[in-house]
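These notes concern the structure reproduced below.
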Amino acid sequence: MKKIMVLLLIVIVFGTLSAQPKYDSIGQFYEYQNNWAIVKLDNKLGFINSKGKEIVKPIYDSIGQFYEYQNNWAIVKLDNKLGFINSKGKEIVKPIYDSIGQFYEYQNNWAMIKLNNKFGFINNKGSEIVQPIYDSIGQFYEYQNNWALVIINNKQGFINTKGDFIPKDD
């Protein structure tokens, strides 16, 4: 009988502990994504669904609105670096960039990225199309169809809409 009482006490204690609130705050459902609410724990953000299941662990410093940059994507910030999660909670672009521009601003399905004061592009699938190695990148079509002027180490050249480098004759 004593063993049963001890076992019952353990179950009650652990059951009570597991029923304790987990988050510092919980936002409104549907504010960011259908059936999701933003949660905050130790100044980090994530998401739970309407069943209370954690969809995105609270690890991010900030989370933007879905669809602001790309369909079904939200920009996230972690340790002053930016990336993206999708509407399923999966990290599509790891938060490694200093800045990320809007998609379609320079080229269809591309967004300019900046890392350590160098520029490149990612595509709308989250892949790095042009590595961030350029000091600057101009607009496509300004000089020639499908080309953008790039500068690296005070030298000029072009990249095309596939991300390939095209040297410019001096």
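Residues are listed down the side, and each one gets a yes or a no for (1) under 30 Å from residue 42 (Cα atoms); (2) in the same structural domain as residue 27 (by TED's automatic domain parsing); (3) within 11 Å of the chain's Cα centre (by Cα); (4) at pLDDT 95 or above:
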residue	(1), (2), (3), (4)
62	yes, yes, yes, yes
107	no, no, no, no
119	no, no, no, yes
136	no, no, no, yes
144	no, no, no, no
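Selection of first residues in region 69-94 that are in a loop (DSSP other than H, G, I, E, B) and of second residues that are among the hydroxyl-bearing types (Ser, Thr, Tyr), restricted to Cβ pairs under 6 Å at least 6 apart or on distinct chains, gives the following pairs, ordered by first then second residue: 72/87. Yes or no: residue 124 surrounded by 14 or more Cβ atoms within 10 Å (Cβ to Cβ) and either at negative phi or within 12 Å of the chain's Cα centre (by Cα) (or both)? Here the answer is yes, as residue 124 does meet what is asked. Taken together, 166, 159 contain a single residue that is among the β-branched types (Val, Ile, Thr), in a strand (DSSP E or B) and either surrounded by 14 or more Cβ atoms within 10 Å (Cβ to Cβ) or touching a residue at least 40 places away in the same chain (Cβ under 8 Å) (or both), which is 159.
On the stretch given as region 67-96, residues that are farther than 20 Å from residue 108 by Cβ and buried (at least 20 other Cβ atoms within 10 Å of the Cβ) total 6. Within region 46-68, how many residues turn out to be aromatic (Phe, Trp, Tyr) and part of a strand (DSSP E or B)? Going through region 46-68 one residue at a time, the tally reaches 2. Looking for something more than 28 Å from residue 154 (Cα to Cα) and either touching a residue at least 60 places away in the same chain (Cβ under 8 Å) or within 12 Å of the chain's Cα centre (by Cα) (or both) - is there at least one such residue anywhere in region 26-42? No, region 26-42 contains no residue that is more than 28 Å from residue 154 (Cα to Cα) and either touching a residue at least 60 places away in the same chain (Cβ under 8 Å) or within 12 Å of the chain's Cα centre (by Cα) (or both). Might you let me know whether region 130-150 holds any residue that is closer than 30 Å to residue 57 by Cβ and surrounded by fewer than 17 Cβ atoms within 10 Å (Cβ to Cβ)? The answer is yes, given that some residue of region 130-150 is closer than 30 Å to residue 57 by Cβ and surrounded by fewer than 17 Cβ atoms within 10 Å (Cβ to Cβ).
The values are calculated or read from the model by the stated rules, or taken from the named source; none is laboratory data. Just so you know, these numbers come straight off a predicted model, no measurement behind them. Here Cβ is always computed from backbone atoms with ideal geometry, including for glycine, and neighbour counts include all displayed protein chains.
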